[in-house]
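Just so it is clear, none of the values below were taken in a lab; they were calculated from the coordinates. Remember, it's a predicted structure, so these values are computed and weren't measured experimentally. Glycine also receives a Cβ, built like all others from the backbone with ideal geometry; neighbour counts cover every protein chain displayed.
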Amino acid sequence: MAEAGRRRARRDAVNILYQQDLLELSADAALDRAEAGGSQISAYTRRLVHGVEEHRQELDGWIDANLKGWSVERLGTVERNILRVGAFELRHVEEVGDAVAINEAVELAKRFGSFEAAGLVNGVLGALAKEE
């Protein structure tokens, strides 16, 4: 898959995970909801959404361990799910390099997160990548 296709897949995954988080839906229900709204969901988006759901406790544990004075629960919903997607790619998607996973997550944070989100995402995922 071309990187532009993955960029869109990541953005779509964060949007779906955001809705899943807010509405307390399963991954399948959130994906169905997105499709019912007219979205075409790529295979990579599905992989990210299902992967985050399957590994959520593990991902949140890694994120928590690399947050300074914060917890996953205290993060904004957008930032939390950007970090989950980035952490999932770092640890479970071998064909995506660490630098790409971090950069893409930072770009999502710049676009959709709070003012401080990009720095937070970069710091947490950078620390996580060094642990590998």
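Only one of the listed values, [x] 1.14; [y] 1.04; [z] 0.96, was derived from the coordinates as Cα Rg over 2.2 N^0.38 Å; which label is it?
[z]
With +1 assigned to the C-beta of every Lys and Arg and -1 to the C-beta of every Asp and Glu, and no other charges, what is the dipole magnitude of the chain about the Cα centre in debye, to the nearest 20?
Details: 17 positive and 23 negative charges, 86 e Å.
Roughly 420 debye, rounded to the nearest 20.
When the chain is fully extended, how far beyond the present Cα-Cα distance does HIS50 get from ALA29, taking 0.36 nm per residue of separation? The partial results should precede the final answer.
Numbers: separation 21, 0.36 × 21 = 7.56 nm, distance 1.11 nm.
Net length gain for the segment: 6.5 nm.
Provide the gained length on full extension for the span GLN40 to ASN103, in nm with one decimal, where the gain is 0.36 nm per separating residue minus the Cα-Cα distance. Could the numbers behind the result be given before it?
Details: separation 63, 0.36 × 63 = 22.68 nm, distance 2.46 nm.
Length gained between GLN40 and ASN103: 20.2 nm.
Rounded, prolate or oblate, given the Cα gyration tensor of region 22-97, with a/c below 1.5 counting as rounded?
Values: a/c = 2.41, a/b = 1.43, b/c = 1.68.
In terms of gyration-tensor shape, oblate.
Below 8 Å between Cα atoms, with a sequence gap of 6+, how large is the relative contact order for region 89-132 in percent? Can you show the working numbers first?
Values: 28 pairs, mean separation 14.4, N = 44.
Reported as a whole number, the value is 33 percent.
With a/c under 1.5 counting as rounded, go ahead and sort region 56-132 into rounded, prolate or oblate using the C-alpha gyration tensor (a ≥ b ≥ c being the square roots of the eigenvalues; past the cut-off, prolate if a/b is larger than b/c, else oblate).
On the way: a/c = 1.62, a/b = 1.17, b/c = 1.39.
Cα axes put region 56-132 in the oblate bin.
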